[in-house]
1. Mind checking the angle between helix 228-241 and the chain's longest principal axis? C-alpha axes, 0 to 90 degrees, to the nearest 10.
2. Would you mind calculating the relative contact order of the chain from Cα pairs under 8 angstrom and at least 6 residues apart, reporting the percent as a whole number?
3. For each pair in Lys538/Lys765; Lys242/Lys360; Lys325/Lys431, compute the distance between the two Cα atoms and list the pairs where it is over 23 Å.
4. Among Thr636, Ile482, Thr788, whose Cα lies farthest out toward the positive end of the dipole of the chain, if unit charges sit on the beta carbon of Lys, Arg (+1) and Asp, Glu (-1)?
5. Please figure out what share of the DSSP beta bridges in the chain is antiparallel and state it in percent, rounded to the nearest 5.
6. So what is the relative contact order of the stretch 537-686, in percent, for Cα pairs below 8 Å that sit 6 or more residues apart?
7. Tell me the carbon and sulfur percent of the accessible area for the stretch 2-88, rounded to whole percent, probe radius 1.4 Å.
8. Going highest first, how would you order 75-86, 593-604 by mean Cβ packing within 10 Å?
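The values are calculated or read from the model by the stated rules, or taken from the named source; none is laboratory data. Not measured: the values here are computed from a predicted model. Cβ atoms come from the backbone with ideal geometry, glycine included; neighbour counts cover every protein chain shown. These area figures cover heavy atoms from the full protein model, side chains too; ligands, DNA and RNA do not enter into them. Shrake-Rupley method; radii C 1.70, N 1.55, O 1.52, S 1.80 Å.
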Amino acid sequence: MADLKAFDRICLSALRGPLSWWARPHVLPADLKRRYAQHPRPICYVLGIVSAADVIALERACSDNDLPAPMQALRKPLPECSVLFLERRAGFWGDRIDRRISSAMRQLVAAVASDPSLDVDLIPVSVFWGRAPDKEGSWLRVLLAENWERAGRFRRFLSVLVNGRNLFIQFGDPVSVRSALAESAHAPRAVRRLNRTLRTLVARQRAAAIGPDLSHRRTIVTQVLRASSVRRAIAEEMRAKKISRREALKLAQDYAAEIAANYSHIFVAIMARLLTWFWNKLYDGVELHHVDQLQSIVEGNEVVYVPCHRSHIDYLLLSYAIYYKGYAVPHIAAGINLNMPVVGRFLRKGGAFYLRRSFKGNTLYTMVFMKYLGLMMARGHSIEYFIEGGRSRTGRLLQPKTGMISMTLRSYLRDPRRPIVFLPVYFGYEKIVEGETYIGELSGKPKKKESVLGLLKTLPALREHYGKVHVSFGEPIALDRILQQYTQQYGESVREERPAWLGAAVSDLAAQIMTNINSAACVAPINLIALVLLATSKQSMLESDLVRQLELYASLLRQAPYSNQVWVTDADGSSIVRHAERMGTVQRLKHPLGDVIRMTEENSVLMTYFRNNVLHLLAIPSLIACCFLNNRTMRTDDIQRLMWRIYPYVRDELFLRWSEAEIGARVIETLEDLANHGLLEATESGASWRRPPTGSTEAVQLSVLAQVTVQIIERYYLAIAVLLKSGSGRISQDVLESQCQLMAQRMSLLYELNSPEFFDKTLFKNFLDLLRARNVLGVNAEGRLTYTDMLPAVADDAQLVLHEQIRNSVLQVTHR
């Protein structure tokens, strides 16, 4: 106990009883007991600073998890207790810090060095009083919560007194003393190396829990302006605009001030408590899935959170979820439109930094922003941005905007201090505040600019019932793995800031992020209701049929899962219907022969959003079901050919996870799963598949399943039909997109549910872009589209899939 002074020993003896009763630690990792069960080597804990309260809290955590006690004696010649300290308090009030290497650590290293058979594992441990956010219950606890300032004895006493039930303890991975000796030939050098390693690990634990130690905002802005790349951009600005250095520097300062966050630990802690109240008022609960993905990467890596963007609530929700689990909230890239009076300032304190919608033509702004982003990453603060650019109005993932990813890669290539790991995040809502606004914007209404008044107008809507919200962490993507692939392929150095392969790497990374977001989808009851009822002609069904179809979809998703990260509600069909009634999503029409469950037209249009959130999960089964709309029996080879033809376009639209080389095997798996559910059967030869007899329950179920993706095929067929009618080299892509949008809108009015997402012009543009990328379409000297013989073949294949009535509807609209 050499590191403990007489005062600390007295405190330890006097406080052990009351503090052991008072402290209730929340321990990470959750499987601590399993990790160290029957550990083969002696364990010694390493705390950051001498503190009797921290030692007692550590004793309680070790006792709860069946670990060796920190104050138990080690065998000679090891130190007399199993805990070391990296720092000690100095001065009467303990307000100074002694950072010299302790004699206990030197003794331990010397003992291991003298005995080749001996080794000791050092486990870095961080104790945070007031950092278990799910237990914060008063403003005083918030004010005394953990931060980067070194607290004196009196403040530590108050923090322990107030936050004893609000305690967070992080155990790190063990560090072998023997391995440190193996890296250094001399014991004194091994001691210094080991001390540096342990300091780094403890600092990482602290940064992961409360964020890195950020200096004042003005200091960060000054660092940005001193960067050589920013200074060069200032000089170019002076020459280009013929302004003085003072004016150019003032412009750069204004840009930096406009961008920079003003993060406050205390503000975040206060907001966490307010948001707990807010979520309980707004939602039935916030469900977190696959948090282990975050826990596995947060220490030692620069984490870049890349969530999908459904609602303005996303900004608050992810930060809250991360904080709730005991990690530092990220700095969030927010659109400059959110920098509103009062609100913008609060968002800055919560970690938001602002960016303009376009950087084009403004070199100085671009360099200031890139340097700020790189500085935040180099200082170890996690980053969050939405690579879709804006909120999805249709419920589908938007095509990624790669500007932020490109800047992240360039910043890392310029200064690769910490490995970068991208963490995709999926948000699943059962109702969104902006639903009606989205429908209006898709119908052609102009987008309203964000304002404080507009925010206040949404407050009455918060009284409605919004169900549950799901936050699911997807599979992480290590940037170094992507870079290794491209450096091996192109043979260029990873140190170059803008290598030739940067664009390809950015596009590849963006596609992987979107795919991993969809692979972490959550299927809530409202999603299933939308999938079923929107596939019917009048968005209505007998309750018994609806229950059967809901349970079919849930079973398909569970027995042949899209990925092992997809979550599916465990509610049965009847419970799902009752839940949708409580949410006001469906209506019940009483009838003597059986109740009918229906959606109003207004609700039907809103529900397309929640169908599209999970449409990709049933895309392959539905496309296969489409093959049997016009055919009782189909050969396996024909099914594979049709899927091979259409899959690349559906994959691009829905960000499906299988490559074109893998889709054949997935089709076979899906055919077998459909057969297991009684929807198909293999013929005697095994070379063909047959659907159930017309009119049977299973045939109806298969037909409804097919309708899930019929609209996608209709949209493709419409674009091809218009192009074939116009002729090769007769129409430009812009004109074709506009014509397709108008004709789809007319089809929607005449034959379909009048849903604006069906005639979204962006979907036609993406389809035509992919046809061009795959050389099915070309562009002549006049800028008009040309096509090969492959395009009529695609139209012929559509006749095998689309019902005759649907084909006639498309052809009628294009003819008129």
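1. Roughly 50 degrees, rounded to the nearest 10.
2. On the way: 1253 pairs, mean separation 72.1, N = 816.
In percent, rounded to a whole number, it is 9.
3. On the way: Lys538/Lys765 29 Å; Lys242/Lys360 20 Å; Lys325/Lys431 25 Å.
Flagged as over cut-off: Lys538/Lys765; Lys325/Lys431.
4. Value computed over the given set: Ile482.
5. Values: 32 of 66 bridges.
Of those bridges, close to 50 percent are antiparallel.
6. Values: 97 pairs, mean separation 34.6, N = 150.
Reported as a whole number, the value is 23 percent.
7. On the way: 2320 of 4050 Å².
Roughly 57 percent of what the probe reaches on the stretch 2-88 is carbon or sulfur.
8. Working: 75-86: 18.3, 593-604: 16.0.
Packing proxy ranking, top to bottom: 75-86, 593-604.
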